[in-house]
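A short worksheet on the structure shown next.
The values are calculated or read from the model by the stated rules, or taken from the named source; none is laboratory data. None of these values were measured; they are calculated from a predicted model. As a convention, Cβ positions derive from the backbone with ideal geometry for all residues, glycine included, and neighbour counts pool all protein chains shown. Ligands, DNA and RNA are stripped out before the accessible areas are found, and what is left, the full protein with its side chains, is counted by its heavy atoms. Shrake-Rupley method; radii C 1.70, N 1.55, O 1.52, S 1.80 Å.
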Amino acid sequence: MLVCPLDCWDICQMSKQGNKFIPSKNGITNGYLCYKLNNYFKFQKYNPKYNLDEIEEVLKSTTPNKVLFLKGSGNLGIMQNITKLFFEKFGATFAIGSSCDGKGEEGIIKAIGDTPILTTDKLKKAKNIIIWGRNPYITNTHLIPFLKNKKIITIDVRYTETAKNSDVFYQIKPNTDIFLAKYLITKNKEYLKITGLTQVDELEAILDKSIILLGLGVAKNSYGDKTTHTIYALNRPTAFLGNSGADLNIPFNIIHKNSMPLFEIDWKQIDVVFIQGANPLVSLPSFKIPDEKKVIVFGKYLDETAKRADIFIPTKDFYAKNDIRSSYFHEFVFKNEKIEDDYGISEYEFTKEMFKRFGFDGLLDEKEYIDMIYKEKREINYPTKKVEYIDFKVDYKDSIYLVTAKNKTSLNSQFKRDKFAYMCDYEGKAILKTKIGSIEVDIKKDITLPKNVVFMYSGSGVNKIISSSGKNATYSEEVEICKI
């Protein structure tokens, strides 16, 4: 059985017949595959010749802590993290942080100590579900059967596919989620007024008998940690982007001797950057690599970062290697079984070869790692700690904001991207300006958007004008629209 390698809430199971995937009709997959998997073989992969002698030569000629190891932070298969064992022994510097859930996760960990999932039995038993800043009809389709025959209230900036399939939809102003949570706790109407809503009667009526499915949308600003902390102070069973490694023995989760915050890299201290499973030149906010730095990319696609690379190492496709996948949204764990070979090199094979070339010991057999990590079902205990309300002060400005989200045809910068911007009252070319910089875009009209929103999908180039700092920050930006 094959298991989907893509970074999303779900885990599809499938078999392969030629250049086509056949979905499993059992379990979470339930006979459904997303657009990306149904079109997987239409997207061109990079099949270059590669020479590990070059990698060895570059690394041996570079002071170890001047090598920066940067890996995509998504849930793409646990065995892909094994390369960290080599680079830690080598003495590299690790880029630590996330462009995705880090800011929201920070607030939740402070509130309850972890970011737990809500197990499927809790989802099945729930009668009322509040979906807040999350769009499972696009990003988490295997959750949809759990929503049937329940009262569904959606809170979002956009009128999403999930909003269309809800009993009640509350459209709030961008970055005002914290004020809605404050209102639900304090009943102070001034907080509700900031959100742009006049009443939330249906929400208040079911709140105490609901579970909350929280999305990344609530935390995409400088105070996203305060927002998630405040929402968890509602003291309802709540699921953010769950800890996919919970209750698993993962030997690659190590505290590194040398590290730098992902968004505060001191390039003066770096000579070589090794990038694995990521396209940071598109996916990371305001990320640039100085021209004089040597770049090694270990990946699959000839994307913008791969084109910048001095050396490219193609990784094997997921059906050509063994791996383990767990989920952001449910408690089950799946093995991926190698069914054929291809031109690249797996993460385990690369690590084994580097251990050999550098004379390192201690690497176990691949099967030993898989047996060490794998279990069919994770035991998830949702914390019972009561979260005390803290009246966080935030500097909110009622302005026009740039809003981003995932698209069903792309995965950040992979697959079929939508490069348009969307506004409710304008169509044509424009320059979008933020404090970071500016980009020229083609704008399409979407009358469902609020007037104070410019919307773009991730992977569209929008991250060039979004700011970040530290380890885990991705900020929504005030934006100025200059029509052309």
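Observations on the structure shown:
- Estimated from the Cβ-Cβ distance and a Förster radius of 35 angstrom, the FRET efficiency linking Asp398 and Lys375 is about 0.10.
- Label zone at Glu349 (point 7 Å along Cα-to-Cβ), backbone N below 16 Å, the stretch 366-405: 366-367
- Which listed pairs, of Lys209/Lys386; Lys182/Lys451; Lys45/Lys316; Lys103/Lys151; Lys60/Lys294, have C-alpha distances above 18 Å, in listed order: Lys182/Lys451; Lys103/Lys151
- Loop-located trypsin sites (Lys or Arg not before Pro) in the stretch 31-80 whose Cβ has at most 14 other Cβ within 10 Å (DSSP): Lys49
- Straight Cα distances below 16 angstrom link Lys385 to the lysines Lys110, with same-chain residues fewer than 8 positions distant left out.
- Surface composition of the chain: carbon and sulfur atoms hold 47% of the protein heavy-atom accessible area at a 1.4 Å probe.
- Taking a ≥ b ≥ c as the square roots of the Cα gyration tensor eigenvalues, the stretch 41-83 comes out oblate, since a/c reaches at least 1.5 and a/b does not exceed b/c.
- Gain on full stretching of the segment that runs from Leu364 to Tyr426 - 0.36 nm per residue minus C-alpha separation: 16.5 nm
- Accessible area per residue for the stretch 339-457 is 57 Å², calculated with a 1.4 Å probe on protein heavy atoms, without ligands, DNA or RNA.
- Amide hydrogen neighbours beyond the local backbone of Phe94, cut-off 5 Å, H modeled: Phe69, Asn258, Ser259, Met260
- Under 16 Å from the Cα of Lys127 - aspartates and glutamates, other chains or at least 8 residues apart: Asp167, Glu202, Glu204, Asp208
- Free-standing Cys, the chain [no other Cys Cβ under 4.7 Å]: Cys8, Cys34, Cys100, Cys424, Cys482
- The phi torsions of the stretch 424-429, fed into the Karplus equation with coefficients 6.51, -1.76 and 1.60 and a -60° offset, translate into couplings of 7, 9, 8, 9, x, 7 Hz, rounded to whole numbers, with Gly and Pro shown as x.
- Sorted largest first, the principal axis extents computed over the alpha-carbon atoms of the stretch 235-390 equal 52, 45, 30 Å.
- Converting the Cα gyration tensor eigenvalues of the chain into ellipsoid dimensions via √(5λ) gives semi-axes, longest first, of 37, 27, 22 Å.
- Relative contact order of the stretch 295-416, defined on C-alpha pairs under 8 angstrom at six or more residues apart (%): 17 percent
- Distance between the pseudo-spin-label points of Lys338 and Thr62 (7 Å out from Cα toward the beta carbon): 2.7 nm.
- In angstrom, the C-alpha Rg and Dmax of the stretch 348-442 are 24.7, 63.
- Histogrammed with a bin width of 10 Å, the alpha carbon distances of the stretch 388-444 distribute as 16, 36, 29, 14, 4 percent, first bin at zero.
- Part-to-part distance (alpha-carbon centres) for the stretch 30-75 and the stretch 365-387, which is given in Å: 26 Å
- The phi-based Karplus calculation (6.51 cos²θ - 1.76 cosθ + 1.60; θ = phi - 60°) puts the 3J(HN,Hα) values of the stretch 47-53 at 10, x, 6, 9, 9, 5, 4 Hz, whole numbers, x for Gly and Pro.
- Partner aspartates and glutamates for Lys429 [C-alpha distance under 16 Å; skip if fewer than 8 residues away on the same chain]: Asp418, Glu440, Asp442, Asp446, Glu480
- Inter-site label distance for Lys122 and Thr448 at 7 Å from Cα along Cβ, in nm: 2.9 nm
- Seen from every direction in turn and averaged, the convex hull around the alpha carbons of the stretch 318-395 projects onto 10.7 nm².
- Surface accessible to a 1.4 Å probe, per residue, for the residues of the stretch 1-98, Å²: 44 Å²
- Computed from the alpha carbon atoms alone, the convex hull of the stretch 63-154 holds 144 Å³ per residue.
- For the stretch 1-110: rounded, prolate or oblate by the Cα gyration tensor [a/c cutoff 1.5]: oblate
- Fraction of antiparallel bridges per DSSP, the chain only, in percent to nearest 5: 35 percent
- Size of the stretch 108-212: Rg and Dmax of its alpha carbons, in Å, are 13.9, 38.
- Using θ = phi - 60° and Karplus 6.51 cos²θ - 1.76 cosθ + 1.60, couplings along the stretch 174-190 (whole Hz; Gly, Pro as x): x, 6, 10, 4, 4, 6, 5, 5, 4, 5, 4, 8, 9, 6, 7, 4, 5
- Segment Asp391-Lys187, length gained on full extension (0.36 nm per residue, minus Cα span): 72.1 nm
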